[in-house]
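Below is one structure, written out as structure tokens; comments come after it.
The values are calculated or read from the model by the stated rules, or taken from the named source; none is laboratory data. In this text the structure is predicted, and so the values were computed from the model without any measurement. Quick reminder, even Gly has a Cβ in these numbers, built from the backbone with ideal geometry, and neighbours come from all protein chains shown. Remember, those area values only see protein heavy atoms, side chains included, never the ligands or the DNA or RNA. Shrake-Rupley method; radii C 1.70, N 1.55, O 1.52, S 1.80 Å.
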Amino acid sequence: MNYEQAAEKLARFGQEHVLKYYEELTEQQKEALLTQIEGTDFSVLSHIENKNDSSIRGKITPLSSMQLPQIREKEAEFRAIGLEAIKRGKVGAVLLAGGMGTRLGSDDPKGMYNIGITRKVYIFQRLIENLLTVVKEAGSYIPLYVMTSDKNHEATVKFLKENDYFGYKEDMITFFMQDMAPACDYEGKVYLEEKWKISTSPNGNGGWYSSMHKWGVAQKAIEDGVEWMNVFAVDNVLQRIADPCFVGAVIAGQCVSGAKVVKKCAPDEKIGVICLEDGRPSIVEYYELTEELMNARDQNGDPAYYFGVILNYLFKVEDLEKIREKRLPLHVVEKKIPCLDSEGKKVKPESPNGYKFEQLVLDMIHELDSCLSFEVEREKEFAPVKNKTGIDSVESARALCEKNGILL
Ligand code: UTP
């Protein structure tokens, strides 16, 4: 793309300021900027005008969950089915590690965070250790796919290699990168992070399967016989990954997806709840949960929207293929965006200064015909590290690890 074409594209989206410093740039920087302008989808910016649209929902009704007593009764049967699928190479694990982890406040990828006290215990290490318990039980490795972003790819790959993949087999790990989206101020003008670079942010965890496909990784997985993918967040240091019981329950239930859920600890806990929306499985984010839904009761008198998702889902690959081209809702999220100020000086804001644009994996559930809501024990499987202190923090995760006998 040449200068005139770039200027014309920017003018169409009201983003002419992107070329403000063009004359000051080296030839290489000019080229980098023109290439970025060519590859950027500025149409996402128009979403800030109707940023509350994603909260316009269909009719919400309860979805019953498979609860712990029922799971315990059938555990042996489920485990056998799950283990068989794992042994036959039908289950892959997808680590969503493309996020920025801004709340944790470290510049490194979140998985590199050390939660240890007397020894080093990295978040990546905890996840791989958990996965290795299943590898041991099944007697076969589970293909592990790691999604990174432009912001943390190199550091992630280097760190895992340097640490010998924490004992995982190198050739069972595949990396792929997610896409980025421009980040803008409250008026919808994209920020610059350098005079030759538009500020971008990872485009949310909802694009994981289409990115996997874009990189040829999904096609290879299918060729290798992977039929199920267990997608999980980087920050829950206790979660069981490729859990045979969960996999077996979803297969036995003939569902095309499954979501691990926990009982909420308070009606207003900041966690998305599983439900039906216009008769299809769906997840309502905590900020969309009305007072009425929060206090609703089901026919047994129990809270109707009581089970929260922990970002650990199982998807049938065949059905993922069917929805690959679908555009998921775009969420407009307020965020601290490092940028240049009006004098061209770099700033790292202390509080949110604009918007990023994200698609979310939870919206994929609504596109699918069925989802098994599968309860797990909160104290044993839910220790997210979102913040340094307080709720869902390094502190709370450490306490839960210790409760579960993990030496820190
Ligand atoms: P979070 O919603 O906690 O976002 O991600 P985050 O970026 O890690 O952290 P904050 O909000 O900036 O503090 C939930 C999961 O989704 C992944 C994260 O890596 C984490 O595993 N994720 C999030 C992606 O892979 N890509 C994204 O664009 C966003």
- Query: Only one residue in ILE71, ILE128, ILE48 is open to solvent by less than 80 Å² (accessible area, probe 1.4 Å), β-branched (Val, Ile, Thr) and touching a helix residue (DSSP H, G or I) at 6+ places or on another chain (Cβ under 6 Å). Which one?
  - Reply: ILE128
- Message: So, in the range 322-343, how many residues would count as being within 12 Å of the ligand (Cβ to nearest atom) and aliphatic (A, V, I, L, M)?
- Response: 2
- Message: One residue is enough: does the range 37-49 have a residue meeting the conditions on the phi > 0 side of the Ramachandran plot and within 16 Å of the ligand (Cβ to nearest atom)?
- Response: no
- Message: Just checking, does the range 150-173 include any residue being in contact with a strand residue (DSSP E or B) (Cβ under 6 Å, 6 or more places away or on another chain), closer than 30 Å to GLU334 by Cβ, outside any helix (DSSP H, G or I) and touching a residue at least 12 places away in the same chain (Cβ under 8 Å)?
- Response: yes
- Query: For the range 211-239, what are the residues that are within 13 Å of the ligand (Cβ to nearest atom) and either at pLDDT below 95 or among the polar types (S, T, N, Q) (or both)?
  - Reply: SER211, ASN236, GLN239
- Task: List every residue pair whose Cβ atoms lie under 8 Å apart, where the two residues are 6 or more positions apart in sequence or sit on different chains, the first residue falls within the range 212-230 and is crowded, with 17+ Cβ neighbours inside 10 Å, and the second residue, located anywhere, is among the hydroxyl-bearing types (Ser, Thr, Tyr) and assigned to a strand (DSSP E or B).
- Result: MET212/TYR145; VAL217/TYR145; VAL217/THR174; ALA221/TYR145; MET229/TYR145; ASN230/TYR313
- Quick one: how many residues across the range 133-158 are surrounded by fewer than 17 Cβ atoms within 10 Å (Cβ to Cβ) and hydrophobic (A, V, I, L, M, F, W, C)? 2
- Query: Of all residues in the range 384-395, which are touching a residue at least 12 places away in the same chain (Cβ under 8 Å) and open to solvent by less than 40 Å² (accessible area, probe 1.4 Å)?
  - Reply: PRO384, VAL385, VAL394
- Task: Name, by its number, the condition in (1) over 17 Å from the mean Cα position of the chain (by Cα); (2) under 24 Å from GLY99 (Cβ atoms); (3) in contact (Cβ under 8 Å) with a residue 60 or more places away in the chain; (4) not in a strand (DSSP E or B) that does not hold for GLU269.
- Result: (3)
- Of LYS110, LYS59, which residue is open to solvent by 10 Å² or more (accessible area, probe 1.4 Å), within 16 Å of the ligand (Cβ to nearest atom) and basic (Lys, Arg)? LYS110
- Determine whether the range 328-338 contains at least one residue that is within 20 Å of ALA183 (Cβ to Cβ), within 21 Å of the chain's Cα centre (by Cα), surrounded by fewer than 20 Cβ atoms within 10 Å (Cβ to Cβ) and among the hydrophobic types (A, V, I, L, M, F, W, C). yes
